[in-house]
Amino acid sequence: MRRRLLLVFLAAMLTTATASVASADSPRPDPNVAGLQTALAVKGFYHGPIDGIRGPLTSSAVRAFQRHAQLASTSVVNGRTLSALGPLGRPGYGTRSLHQGLVGRDVAALQFELRYHGFPNRGRGVFDASTSTALKGFQRYAGVRVDGVAGRTTFAALNQPPAAAPRLRAPLSNTEGAVRSGHAVEIACIYSSAVAVVVGGTVTYAGDRGRGYGYTVVTRDRRGLDVLYAHLSRIDVTRGQHVAPGALVGLAGWTGKKNPVTTLRMELRLRGAQLDAYSALYGR
């Protein structure tokens, strides 16, 4: 029964894993394509991932929208198509400075770029408070002026590749599979498995983080790399404690979860930017 629950859980996680996690083998996404995908999604014509890649789903959505708008169905995104999309059809990314309150395809593109660089936000073409928070976080990370306005300097910083995840040792000696969950990784294992520190540093959090996480430990090293370990059944470190690689974090469990399937959730952040924890552990 436990094995069946585990397989069901892993299948569900594979289905719902975020498609926008950057891969070293993936082409560089186009923010203008991401903005177009967002506009088509808001209109109800695009149902794929907002990934900045012009693929068959995007082209099909463009043709469907063009037919709906009584335009020539060519999949070519021309001026008439962009005008028919309304406020989210224009302007193009990088053609104006962006700040809270603005609406447009360039805003949706900025929101995608922030997510691509590890700063999540809920935006769909409207520059809201979550976008402002994500933008300021990125500006702090990139070492540019933190003013909540995306201008030439911020656009140049966003044009750089996102931070790469470092290669890390495994936190568990035995596992029963691992899947991506957005930028995080969920590692299935036996209940009460020992969880080891993967990067030495200082414990910045040790306690119950609540729903979705449960008993959680966060460590930070000198580079500003935060490593989060969640769903623990027991915590064996305290806040402020210095820990070395291989030290005991605690025991794996299922705290903070609805289903009684043991997994260890791990997340990585470098000075606020979310990194791909799965790639850091498994290199793919």
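Bear in mind that the values in this text are calculations on the coordinates, not laboratory data. Not measured: the values here are computed from a predicted model. Quick reminder, even Gly has a Cβ in these numbers, built from the backbone with ideal geometry, and neighbours come from all protein chains shown.
Summary of computed values
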item	result
Relative contact order for the chain, counting Cα pairs under 8 Å that sit 6 or more residues apart, in percent	16 percent
Neighbourhood charge, 14 Å Cβ-Cβ cut-off, centred on residue 112 and excluding it, Lys, Arg +1 and Asp, Glu -1	+2
Dimensionless Rg over Rh [segment 42-186; C-alpha; Kirkwood]	1.05
Segment 31-158, relative contact order [Cα under 8 Å, separation at least 6], %	23 percent
Helix-derived mean residue ellipticity, 222 nm - over the chain, DSSP H n ≥ 4, -39500 (n - 2.57), to 500	-9000 deg cm²/dmol
Three-way shape call for segment 116-166 based on the alpha-carbon gyration tensor, with the a/c threshold at 1.5	oblate
Residues whose placed amide H lies under 5 Å from that of residue 181, excluding near-sequence neighbours	186
Under-5 Å amide H pairs with residue 165, H placed in peptide plane, nonlocal only	276
Backbone HN-Hα couplings from phi across segment 61-72 [Karplus 6.51/-1.76/1.60, Hz, Gly and Pro as x]	5, 4, 4, 5, 5, 4, 5, 4, 7, 6, 10, 4
Compactness index (Cα Rg / 2.2 N^0.38 Å), segment 142-284	1.11
Relative compactness, the chain, computed as alpha-carbon Rg over 2.2 N^0.38 Å	1.12
Burial ranking of peptide ranges 195-206, 67-78 (average Cβ count within 10 Å, highest at the top)	195-206, 67-78
Nearest-ten-degree value, helix 2-16 long axis tilted from longest Cα axis of the chain	30 degrees
Residue-count net charge about residue 95 - beta-carbon cut-off 12 Å; Lys, Arg +1, Asp, Glu -1	+3
Cβ-defined net charge surrounding residue 47, 15 Å radius [Lys, Arg +1; Asp, Glu -1]	+2
